[in-house]
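This report refers to the structure that appears directly beneath it.
The values are calculated or read from the model by the stated rules, or taken from the named source; none is laboratory data. Just so it is clear, the model here is predicted, and its values are computed rather than measured. Cβ coordinates were reconstructed from backbone atoms using ideal geometry, including for glycine residues, and neighbour counts include every protein chain displayed.
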Amino acid sequence: MVDTDTPRTEVAPDRTKRIAALWATLVAVPVTLVVGVIAFATIKPDDPEKSERTPVAIPSTPVVMDAPQLDERTSTVCLAVTSQLPVKIRDLPARAVSAGPEQNAAFGEPAVTVACGVPQPETCKVPDDATPGCVPMDTELLIMNNVCWWAAPGSGGATITTMDREVPVRVTVPESYENPAQWANEFSDTIVKTVKSKQAGTMPSGCE
């Protein structure tokens, strides 16, 4: 009897298993990377500057401000202004003032101050007018939220005064604050509600 060898059958590789193994390898690499990134983020120390940053302490002492005598009508308008001011502007809380709370206000440290009933800056008479404190004829006035402001030039902070109101309001912003005009603008809405605009033709041309 002759043994007949049964021909060997070559088993073809399982294509499905190979593809599955390949995908498992490809997926495993990014998952490992993601896990590593998460672990690094978890153990990474906090930014030292952020962790050491602390709020500015607000002194309990009042902010020193002058309180000149005002006439009856101006006093009434200024009382309306100060009574409508918010208890905080951005992150600056309101503070007590040394004099005239019915016409003055202060916020934060260093203090942003508001003074109502101050002298109205006058427009210079000629282009090269050297009169101290006059508003140059070619100056660019700031119209913000329907209030016309003039930012006086100078160092050591900004002095910004309304130019279009029957009763002037002045805001002083210490130099440590960025964009001082935007800090003054925090009070524009209150001024619009409480102080009437000057009549047309009586305010600087840059305000009309």
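Computed quantities for the displayed model
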| quantity | calculated |
| --- | --- |
| Some residue of the stretch 168-182 being over 29 Å from residue 56 (Cα atoms) and more than 23 Å from the chain's Cα centre (by Cα) | yes |
| Qualifying residue in the stretch 170-185 (condition: assigned to a strand (DSSP E or B) and among the aromatic types (Phe, Trp, Tyr)) | no |
| Residues being surrounded by 13 or more Cβ atoms within 10 Å (Cβ to Cβ) and not acidic (Asp, Glu) - total across the stretch 117-136 | 9 |
| Filtered residues of the stretch 90-113 (kept if out of contact with any Gly (no Cβ under 8 Å at 6 or more places or on another chain), closer than 21 Å to residue 175 by Cβ and among the aliphatic types (A, V, I, L, M)) | 97, 105, 106, 111, 112 |
| Test: residue in the stretch 96-118 that is of a type in the set (Asp, Glu), closer than 17 Å to residue 78 by Cβ and in contact (Cβ under 8 Å) with a residue 12 or more places away in the chain | yes |
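Quick grid of which residues meet (1) outside the structural domain of residue 119 (by TED's automatic domain parsing); (2) of a type in the set (A, V, I, L, M, F, W, C); (3) on the phi > 0 side of the Ramachandran plot; (4) surrounded by 14 or more Cβ atoms within 10 Å (Cβ to Cβ):
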| position | (1), (2), (3), (4) |
| --- | --- |
| 144 | no, yes, no, yes |
| 148 | no, yes, no, yes |
| 156 | no, no, yes, no |
| 161 | no, no, no, yes |
| 172 | no, no, no, yes |
| 178 | no, no, no, no |
| 192 | no, yes, no, yes |
| 195 | no, yes, no, yes |
| 201 | no, no, yes, no |
